[in-house]
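K.L.:
Just dropping this structure here.
Every number in this text was worked out from the coordinates using simple rules, so none of it is lab data. This one's a predicted model, so the numbers in the text were calculated from it and none came from an experiment. Cβ: placed from backbone, ideal geometry, glycine included. Neighbour counts: every protein chain shown.
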Amino acid sequence: MSKTRVVAIVGPTCTGKTSLSLNLAERFSGEIIACDSRTVYRKFDVGTAKPSPREQQKVRHHLIDVADPPEEFTAAQFAQLATQAIEDVAARSKLPIVCGGTGFYARALLEGIAIPNVAPNPELRAQLQQLADEQGNQALHNKLNELDPITAQRLNANDLFRVIRALEVCIDGGAPFSSQAGRRDEPFDTLWIGLTIADRGALKELLTQRLKEQMECGMLEETEKLYKEYGRSLKLLHTVNYSDLLRFLEGELTLEAAFAECERHNYQLARRQIQWFRANSRINWFNVDEISKSDLNASVASMVETFIASGS
């Protein structure tokens, strides 16, 4: 049997992936499977640049708002639920479009990466969190580097949630995370589309403009509401945007300084995403600062049309 055909739109944040996915979904009767480790959570809307209610109403989305903030949601869970969504979309003769910037999720879903099946250990996590609180995030990252230098190399020290998860797998699984993440046959026939920006200065400008728009849309108020409801220990408050605005709410930074930190961390995130996806040689890359939106839509649509026709 031939594999289900899937279109994947990946790349760094703020490059227009959502817009392109909506265009393709409307043109080819598709549905979108969000590939983002933060938009899976309810209540984290503005700070994650989650597709708006209008966009979600326009085209059906999957894997958005599937977990409550206190819950643990792993890449293995994502791969399982997203696989089910893709099969459901294809069974209804619609085109599955995977769209997002979380590289590990994309690999787990589309590249045949088997995720370690190690159950969460709340006691161990609490111990590791305490170590980070007392000695800093770098201390945890150093510990991970001792146990699994391969995984430590791909994770940033401030990506505390994933560092703790990797340590948890190493300790409870009895082997490095990287050695437990095996391979299997790729489940789908995937057309990879990558969006990036050649001019890093232009990328910084786009990130700053979006941050301003997010602030105008209530990102600070959203952070304050989450802080009051869940406290500072919530893992998502250690991620881009929320962590820096939290420092303002606690009086550690001025609002201007917190915004500058948001800018810096968003750019660092974009660079990590670029590095992650560059390892995939099958991605067809488009520099969105060197092509008009209409030409981008037309070029990608042509590729998708050929891709679909090759399986008929």
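K.L.:
Based only on other Cβ atoms within 10 Å, what is the fewest-to-most ordering of Asp199, Asp148?
P.N.:
The most exposed by this proxy come first: Asp199, Asp148.
K.L.:
Next up: So what is the 222 nm mean residue ellipticity for the chain from helices alone, if each DSSP H run of at least 4 adds -39500 (n - 2.57) and you divide by all residues, rounding to the nearest 500 deg cm²/dmol?
P.N.:
Per the formula, -17000 deg cm²/dmol.
K.L.:
Okay, next question. Using θ = phi - 60° and the Karplus form 6.51 cos²θ - 1.76 cosθ + 1.60, what ³J(HN,Hα) does each residue of the range 96-107 get, whole Hz, x for Gly and Pro?
P.N.:
With coefficients 6.51, -1.76 and 1.60, one gets x, 10, 8, 9, x, x, 8, x, 5, 4, 4, 5 Hz.
K.L.:
Also: What ³J(HN,Hα) values, in whole Hz, does the Karplus curve 6.51 cos²θ - 1.76 cosθ + 1.60 give for the range 113-125 when θ = phi - 60°, with x put for Gly and Pro?
P.N.:
Rounded to whole hertz, the list is 8, 8, 8, x, 9, 10, 5, x, 10, x, 5, 5, 4.
K.L.:
Mind checking which aspartates and glutamates have their C-alpha under 20 Å from Lys58, skipping anything on the same chain fewer than 8 residues away?
P.N.:
Candidates past the 8-residue exclusion: Glu26, Glu31, Asp36, Asp45, Asp88.
K.L.:
Each label point is 7 Å from the Cα along the Cα-to-Cβ direction; what then is the distance between the points at Asp172 and Asp185, in nm?
P.N.:
With each label placed 7 Å out from Cα toward Cβ, I get 3.1 nm.
K.L.:
While we're on this one: Taking a quarter of the surface of the convex hull around the Cα atoms of the range 122-180, what do you get in nm²?
P.N.:
Directional mean of the projected Cα hull area for the range 122-180 stands at 3.4 nm².
K.L.:
Could you tell me how far the Cα centroid of the range 175-217 sits from the Cα centroid of the range 271-312, in Å?
P.N.:
Centre-to-centre (Cα) distance: 13 Å.
K.L.:
If R₀ is 30 angstrom, what is the calculated FRET efficiency for the pair Leu124 and Arg271, using the beta carbon separation as r and rounding to 0.05?
P.N.:
Efficiency for this residue pair is about 0.45.
K.L.:
Let me ask you something else. How much length would be gained if the chain were fully extended between Glu205 and Lys225, taking 0.36 nm per residue of separation minus their Cα-Cα distance, in nm to one decimal?
P.N.:
Stretched fully, the Glu205-Lys225 segment lengthens by 4.4 nm.
K.L.:
Under 15 Å Cα to Cα from Lys143, which aspartates and glutamates show up? Leave out anything in the same chain fewer than 8 places away.
P.N.:
Correct list for Lys143: Asp133, Glu134, Asp159, Glu168, Asp172.
K.L.:
Cα centroid distance between the range 1-70 and the range 103-142, in Å?
P.N.:
So the two Cα centres are separated by 24 Å.
K.L.:
Ok, one more. As a quick test, which of the pairs Lys50/Lys228; Lys17/Lys43; Lys43/Lys94; Lys3/Lys50 have an alpha carbon distance above 27 angstrom in this structure?
P.N.:
Table pairs above 27 Å Cα-Cα are Lys43/Lys94; Lys3/Lys50.
K.L.:
Debye calculation, C-alpha points only, no solvent: report log10 I(q)/I(0) for the range 164-260 at q = 0.19 Å⁻¹, in the same order as the q values.
P.N.:
Treating every Cα as an identical point scatterer, log10 I(q)/I(0) equals -0.94.
K.L.:
What distance in nm separates the simple spin-label points at Arg282 and Cys217, each placed 7 Å from Cα in the Cβ direction?
P.N.:
That separation, rounded to one decimal, is 3.2 nm.
K.L.:
Calculate the dipole size of the chain relative to its Cα centre from +1 charges on Lys and Arg beta carbons and -1 charges on Asp and Glu beta carbons; express the result in debye to the nearest 20.
P.N.:
Magnitude of the dipole: close to 720 debye.
K.L.:
If r is the Cβ-Cβ distance from Gln84 to Thr306 and R0 is 25 Å, what FRET efficiency results, to the nearest 0.05?
P.N.:
Efficiency for this residue pair is about 0.35.
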